[in-house]
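I have a structure here, written as structure tokens, and I will follow up with some questions on it.
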Amino acid sequence: MQYAPAQSKLGAASSVLPVVGRSLTYKRDMRTIIDHVDAKFGCSRGVVAVLGPNGAGKSVMFRLLAGLLTPDCGSVTWAGLEPDRLRAHKIGFVFQRPVMLRRSAIANIVYVLAAAGVPAKMRDEVARHALEQARLLDIAKTPARSLSGGEQQRLALVRALATQPELVFLDEPTSNLDPGSTAAIECLVQRARDAGTRFALITQDMGQARRLAAEVIFMHRGRILECTPAETFFCAPGTPEAASYLEGKIVF
């Protein structure tokens, strides 16, 4: 389902790509979570998997790049400009635990379409098409918060995709799901990827990273240690920390 995005001061076709962080630093409770990180997403099609042990700073980096957090130092730019609300709908974000509005499944999607400036006469049709892609059309009127975990996450993903974003950040979207729901999420990601949407994916599932990723970023202690093609990373990691991580060892 295609639609013409709303006009904005930056123009209807203004892009957010690439999304770039320069010398990003973020501290919380006197602890450095992100330590002078340089990162760039959206330069090439496909999925970039961001790997690393818990506490490496992966989720915080995504939130900084998406404009959900403000860095203590450094800068974030979207297509060379400071982040702004007019282009925010071109970046999608799916959290580990889906955030559902207190309304029906279809109304969750209609809400974000309205916020993105999709014409009112098109919202219901676009929302129904999104639900159909996720095989949720038969529960369109069901309260979103009463859906199963897998259904909620599928809804969260197609809701993020409904505004036709250029880049979607996925923060461990399948960590709490069964294999069937995980496969459904991966199928949706692959379809959108093949249609041109870029994805950045945090995952602890090495099988998932191997299935989806074209590129891997490895983080440890708030820094990026590796950024390399996925095949290279899994066959010949370039740092002892990454090698230990792939072997399932505890990385200090």
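The values are calculated or read from the model by the stated rules, or taken from the named source; none is laboratory data. Source: prediction; values computed, not measured. Here the Cβ positions follow ideal geometry from the backbone for every residue, glycine too, while neighbour counts run over all protein chains shown.
When the residues of region 140-169 are filtered to those that are under 23 Å from Gly117 (Cα atoms) and assigned to a strand (DSSP E or B), which remaining residue is farthest from the chain's Cα centre (by Cα)?
Leu167
Looking at (1) without any contact (Cβ under 8 Å) to a residue 60 or more places away in the chain; (2) surrounded by fewer than 18 Cβ atoms within 10 Å (Cβ to Cβ), can you tell me which one Ala127 breaks?
The failed condition is (2).
Those residues that are within 13 Å of Lys58 (Cα to Cα) and touching a strand residue (DSSP E or B) at 6+ places or on another chain (Cβ under 6 Å), I need them from region 204-223; list them, please.
Val216, Ile217, Phe218, Gly222, Arg223
Does Ala56 count as modelled with pLDDT of 95 or more and either of a type in the set (Phe, Trp, Tyr) or part of a loop (DSSP other than H, G, I, E, B) (or both)?
It is true that Ala56 is modelled with pLDDT of 95 or more and either of a type in the set (Phe, Trp, Tyr) or part of a loop (DSSP other than H, G, I, E, B) (or both).
Conditions tested, residue by residue: (1) crowded, with 21+ Cβ neighbours inside 10 Å; (2) within 20 Å of Ile91 (Cβ to Cβ); (3) without any contact (Cβ under 8 Å) to a residue 40 or more places away in the chain.
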residue: Gly180; (1), (2), (3): no, no, yes
residue: Ala183; (1), (2), (3): no, no, yes
residue: Val189; (1), (2), (3): yes, yes, no
residue: Arg193; (1), (2), (3): no, yes, no
residue: Arg198; (1), (2), (3): yes, yes, no
residue: Val216; (1), (2), (3): yes, no, no
residue: His220; (1), (2), (3): yes, no, no
residue: Glu247; (1), (2), (3): no, no, yes
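List the number of the failed condition for Leu101; all other conditions in (1) assigned to a loop (DSSP other than H, G, I, E, B); (2) within 30 Å of Gly52 (Cβ to Cβ); (3) aliphatic (A, V, I, L, M) hold.
(2)
Turning to a different aspect of this structure: Quick check, is Tyr111 farther than 25 Å from Asp178 by Cα and touching an Asp or Glu at 6+ places or on another chain (Cβ under 6 Å)?
Spelling it out, it is not the case that Tyr111 is farther than 25 Å from Asp178 by Cα and touching an Asp or Glu at 6+ places or on another chain (Cβ under 6 Å).
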